[in-house]
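The values are calculated or read from the model by the stated rules, or taken from the named source; none is laboratory data. From a predicted model like this one, the values you see are computed outputs, not experimental measurements. Please note: Cβ atoms are built from the backbone with ideal geometry, for glycine as well, and neighbour counts cover all protein chains shown. Heads up: the accessible areas ignore ligands, DNA and RNA and are worked out on the full protein's heavy atoms, side chains in. Shrake-Rupley method; radii C 1.70, N 1.55, O 1.52, S 1.80 Å.
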Amino acid sequence: MHPFRKAVEERDLEAVEALLADDVVFTSPVAFRPYPGKAVTAAILRGVLRVFENFRYVREIASADGRDHALVFKAEVDGREVHGCDFLHFDDDGLIDDFTVMVRPLSGATALAEAMAAQFDRIQQEAAGS
């Protein structure tokens, strides 16, 4: 089991943040533009863990060199089922420098977008260190 998966499943937010490179870029399934930087990525991940219910990884796929991982998950948001995948790329130091999330179905993605929009002010405050 990859350390990132272990940290998320244990809801160990400090361990999750420790695995992020300072220059990580987070690409959301519900936002047009990517979010660059460790602080905002960590804040987004904390927000996601607040809105996902019954989150669990169901499959882990890794490239032969270990620099790319796909972690398939299932969860619920406001009673809507969400299936998704975290695509992670690791830099030379073993830290996540690219983090892309995709989700389906549309009803689940819509519920996630609405729930994350409600978290946006808090995410911005956390990212700014407030």
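Can you give me the accessible area per residue for the chain, using a 1.4 Å probe, in Å²?
54
Whole-Hz ³J(HN,Hα) for each residue in the stretch 28-38, computed from phi via Karplus 6.51 cos²θ - 1.76 cosθ + 1.60 with θ = phi - 60°, x for glycine and proline: what do you get?
Calculated HN-Hα couplings, in order: 7, x, 10, 10, 6, 9, x, 10, x, x, 5 Hz.
Among the chymotrypsin sites (Phe, Trp or Tyr not before Pro) in the stretch 1-105, which ones are in a DSSP loop with at most 10 other Cβ atoms within 10 Å of the Cβ? Mind listing them?
F32
Would you mind estimating how fast the stretch 45-101 diffuses translationally, via Stokes-Einstein at 10 °C and 1.306 mPa s with the Kirkwood radius over Cα pairs, in µm²/s?
In µm²/s, the coefficient rounds to 130.
May I ask for the longest run of the chain untouched by trypsin sites (Lys or Arg not before Pro) that are loop-located per DSSP and have at most 16 neighbouring C-beta atoms (other than their own) within 10 Å?
68-130
In debye, nearest 20, what is the charge dipole magnitude of the stretch 1-74 about its Cα centre with +1 on Lys and Arg Cβ and -1 on Asp and Glu Cβ, if you could check?
300
Run the dipole for the chain about the Cα centre, Lys and Arg Cβ at +1, Asp and Glu Cβ at -1, nothing else charged, and hand back the magnitude in debye, nearest 20.
Computed about the Cα centre, the dipole is about 500 debye.
How high is the relative contact order of the chain? Use alpha-carbon pairs under 8 Å, at least six apart in sequence, and give a whole percent.
Once normalised by length, the contact order is 25 percent.
Round to a whole number: what % of the accessible area of the chain belongs to carbon and sulfur, probe 1.4 Å?
For the chain, the apolar C and S fraction of the accessible surface comes to 51 percent.
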